[in-house]
1. Can you flag which of Lys51/Lys151; Lys187/Lys288; Lys187/Lys327 are past 20 Å Cα-Cα?
2. If R₀ is 30 angstrom, what is the calculated FRET efficiency for the pair Glu58 and Ala82, using the beta carbon separation as r and rounding to 0.05?
3. Roughly how many Å² of Tyr337 are accessible to a 1.4 Å probe, to the nearest 10?
4. Can you list residues from other chains, or at least 5 along the same chain, whose modelled amide H is less than 5 Å from the amide H of Phe342?
5. What aspartates and glutamates does Lys350 reach when the alpha-carbon gap must be under 18 Å and sequence neighbours fewer than 8 apart in one chain are set aside?
6. Scan around Ser124 for amide H atoms under 5 Å from its own, H built in the peptide plane at 1.01 Å from N, and keep only partners 5 or more places away or cross-chain.
7. Ranked from the most accessible area to the least, with a 1.4 Å probe and all protein chains present, what is the order of Thr293, Thr276?
8. So I have (i) 5, 20, 31, 28, 13, 2, 0, 0; (ii) 4, 20, 27, 24, 16, 7, 2, 0; (iii) 3, 11, 14, 18, 17, 13, 9, 7, 5, 2, 0, and one of them is P(r) over Cα pairs in 10 Å bins from 0, in percent calculated from this model. Which one is it?
Amino acid sequence: MYITLLGRQPEISLAELAAVFGADCVNRISQQCAEVQTSQFDITTLGGTVKCAKVITELPASRADKASLLAASRFITQHYQAKWAHSPHKITLGLSAYGLAVSARDIQKTGLILKSSLKKSGTSLRLIPNDQPALSTATAHNNKLGGSPHKVELLLVKTTDRRLIIAESRGVQNITAYTRRDRHRPKRDAFVGMLPPKLAQIMLNLALGAGSLAHQRSCSNSATGSASSLSDKSMVLRTALPDAFDLEETAGSRPAVTILDPFCGTGTVLQEALLTGYDVVGTDLSQKMVDYTTENLSWLQSTFTAPGNVIDIHQADATTHHWPSSKHLTAVVCETYLGQPFSAPPAPQKLAEVAGNCNHIITGFLTNIRPQLAPNTSLCIAVPAWYDASGRATHLPLIKNLQKLGYHQLNHIPLIYRRPDQTVARELLILRTSRAPDG
């Protein structure tokens, strides 16, 4: 069992976890955290998870949070005194509490007690100082917590059903890697919008679900290695994957996955797909964006290990273009046209004009591509939603007409990616081709 710290938009983080591990294996346990029933968890494959930790034990939570912390402190001291006594390695330890109304000083006391206890047995422990009850992502990342048995962050999580979970970190979001893939690319364009790499990663997982490499790695890592277990897992994957997958019988082989981004912009979705191991096709209305994508993907392949293949990048209008071999696409993942940027909510007349234009273009795209896709092809597309000063949203009218366009919407709640002060938000739609559009 693993605990995950959810991202800034927790509903999107939960949707990603449910897509990869299955909704029955994911349970939200607090405002900030969820538990995932799995034997393996690779945080590098998930854009919406900030921290992950393996559950060590559960204790009943007391009515008083300080009493809960005291019980946790006793367990931690005993457990890790026995585990780390006489260790030849210096231990680096961070402590984080979520859902407990306790001070940072109270949390640090547990670490200081353990440090003193271990010192008597000859083990050196470095306690990471903190002025908040929980370590920030940057602090955990910079100290490489969860990266080795000797660099550990302990998460204390109080659940809504009155449990106190103690979990040991197995990784933290690699903010340095995301920044490098975003800001160090040779071509960026703020005017057309800059899709964050971690959101592109999330969208790929939302589209592919059980067919994602994140899921397959989890299955592979938890396999016992016997021929029967590998065969069983192969059959499970086969029934879970869309028709476009061609899963070979050979244990350990990966299905050929091809991702199309018809609004590729500067290539963020395609770069994340390549890094994961998927093959990619990209088009854009602007030749400038096609050139940007081509240069960025060339930089990516020369800078990182990107096991996927670039099949084709070319200029095309997504509302009229016919993509060669479109029936063999595994999924369509893209940020569609978001309209002009706004630094403040526009006047109603202007908003109606912009929303109508976006609705027309995106409807044209969905109408054009639908007959080109095989049945049960998955899509994850980002469309615009506009927020006024009171926080009320204006959504695209096409969302209510997706079934008429030949799509089945898989997410039952809105998935909105935005900053609190942002006027134009990204709304994620998880779709699957269902039937031919109504005439």
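The values are calculated or read from the model by the stated rules, or taken from the named source; none is laboratory data. Everything quoted here is computed from the prediction, not taken from an experiment. Backbone-built Cβ (ideal geometry, glycine too); neighbour counts: all protein chains shown. To get the accessible areas, we keep the full protein, side chains included, count just its heavy atoms, and leave off ligands, DNA and RNA. Shrake-Rupley method; radii C 1.70, N 1.55, O 1.52, S 1.80 Å.
1. Numbers: Lys51/Lys151 14 Å; Lys187/Lys288 10 Å; Lys187/Lys327 31 Å.
Distance filter (> 20 Å) returns Lys187/Lys327.
2. On the way: r = 19 Å, r/R0 = 0.63.
Given R0 = 30 Å and the Cβ-Cβ separation, E is 0.95.
3. It works out to around 90 Å².
4. Excluding prolines and chain starts, which carry no amide H, the hits are Val424.
5. Asp388
6. Ile91
7. On the way: Thr293 0, Thr276 35 Å².
Highest to lowest solvent-accessible surface, that is Thr276, Thr293.
8. Of the listed options (i) 5, 20, 31, 28, 13, 2, 0, 0; (ii) 4, 20, 27, 24, 16, 7, 2, 0; (iii) 3, 11, 14, 18, 17, 13, 9, 7, 5, 2, 0, (ii) comes from this structure.
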